[in-house]
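Engineer: Structure in structure tokens, see below.
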Amino acid sequence: MKTQFEQLMDGLNDVEAFLAGKQEGFRAHVPQEVDVKAIRSRLGMTQARFSDTFGFSLDAIKHWEGGRRTPEAPARTLLTVIDRNPAAVLAALNPAAFAAAVGSSKRTTLHLRVNRKRQTAGVTKRKSYSAQGGKRITK
């Protein structure tokens with residue numbers, strides 16, 4: 001098994017070969033483990049809402065979170081993108097509904113509840129995700 005440094009160096013060598021024209025394309029590195037419950041919790045969604053919103057079966061989410069099953073590589077890839085830029089996934093999965101919700105504004109912001117249990121003095125902390133860049137803005 002390669003160390004993280006060796007994996008990083010392999011990736012940099014691939015980039016160098018690509019830039020030099022010696023190699024075409026790239027190889028995606030899918031994470032071996034994804035914490036589904038942490039992703040869902042950060043978005044402030046129930047298991048049912050998470051499954052409906054992103055197209056996973058409710059049973060799959062329950063099994064993943066219970067440790068009885070591990071998401072396959074394509075699911076881990078999608079879960080990673082959901083974790084880093086949920087607005088992009090929502091826009092890609094249902095562009096018409098997302099566009100209707102957004103209206104005609106050029107800059108789109110999606111508000112998701114961060115953590116329901118850690119509210120202090122009635123203040124709800126939210127993170128906003130820009131649909132164009134997916135940058136997180138804490139409010």
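Engineer: If we sort 68-76, 54-62, 38-46, 82-90 on the protection proxy, mean other Cβ atoms within 10 Å, highest first, what's the order? Walk me through the numbers on the way to the answer.
Structural biologist: Details: 68-76: 13.4, 54-62: 15.0, 38-46: 16.8, 82-90: 19.7.
Top to bottom by mean Cβ count within 10 Å: 82-90, 38-46, 54-62, 68-76.
Engineer: How large is ³J(HN,Hα), in whole Hz, for each residue of the range 13-24 in order, when computed from phi with the Karplus curve 6.51 cos²θ - 1.76 cosθ + 1.60 and θ = phi - 60°, using x for Gly and Pro?
Structural biologist: Result, ordered by residue: 5, 4, 4, 4, 5, 5, 5, 7, x, 8, 9, 9 Hz.
FYI, it's all coordinate maths here, none of it is from the lab. Just so it is clear, the structure is predicted and the values come from calculations on it, not from any experiment. Here the Cβ is made from the backbone with ideal geometry for all residues, glycine too, and neighbour counts use every protein chain on show.
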